[in-house]
Structures are given as C-alpha cells and as structure tokens.
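Got a structure for you, written out below as structure tokens; questions coming shortly.
The values are calculated or read from the model by the stated rules, or taken from the named source; none is laboratory data. Predicted model only: the values in this text are computed from it and were never measured. Glycine gets a Cβ as well: all are built from the backbone with ideal geometry, and neighbour counts include every protein chain shown. With ligands, DNA and RNA removed, areas are computed over all heavy atoms of the protein, side chains included. Shrake-Rupley method; radii C 1.70, N 1.55, O 1.52, S 1.80 Å.
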Amino acid sequence: WLCAEDMARFGLLYLHNGVWDDQQVVPSEWVKQSTVRHSEGSPSWGGGEYGYQWWIAKLMIGLEPVECFYGLGFGGQFLYVVPEFNLVVAATSQNVQNPFAIRTYMENYILKPLVENKN
C-alpha cells in the first residue's frame, strides 16, 4: 500500500541512478542491471521484457519508440520511469476489471504530446 507520492519518489530514485539528495542510496550498477531485460515477460502481466522487478517496454507513440521501465501492482497501480523525458508517472487506481487502462492514458495523454513537441 504505497501512495502515489511514495511511488514517485521511488521512481525518481531510479531515474537518478540510485542517487537521492546527492547521496548514492542504491548502487548505480544495480539500477542499471535491474532495468534491462533478464527474462521474457508474461503477456497477462504487462508483456514485454522483464528486468529485476521492473517491466521494460518500448512504447510506440505514433512512429516513435519511447523506452521506459515500469512497475505494476494489483488493480491498476503503476509507476512509469521514462528517462528520455526525465519523467516519472505514478498512478493508483481500483480498476480490477481493466488494470491496464492507465497505460492507454500514459501513451495518449502524457507521452504523445511530449513526442509531438520533441520534433
């Protein structure tokens, strides 16, 4: 039971390679190793590739691939880290019927405008 703010802090820690308040809290090598593919993921649990407790994805936003890693929990809890945009998105929900609804929101309303404005 993490609140969105605490999940976002965790995402920021990983976005900054394990550094928090100018101190190395998590070894940067661990951050690197945990956010690269170590196994094939299950389609029913997010699909794609899996690192150490992180899903690794290349989301297609139009024709642009956007690399990210994310965690997910029961009922629609998500934590996205998108290094290319220096972005962390945390979301909590109680949507057990459609727990991946936040991914559509993430792609269409958060990443799509960022990709469009990048070019």
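Please arrange Trp30, Trp20 by accessible surface area, largest first, computed with a 1.4 Å probe and ligands excluded.
The residues order as Trp30, Trp20, largest area first.
What do the square roots of 5 times the Cα gyration tensor eigenvalues come to for the chain, in whole Å, largest first, as semi-axes of the equivalent ellipsoid?
21, 18, 16
How far, in nm, would the chain grow between Tyr105 and Cys3 when pulled straight, counting 0.36 nm per residue and subtracting the alpha carbon separation?
34.8 nm
Would you mind getting me the FRET efficiency between Phe10 and Lys112? Use the beta-carbon distance for r and R0 = 25 Å, nearest 0.05.
The calculated FRET efficiency here is 0.50.
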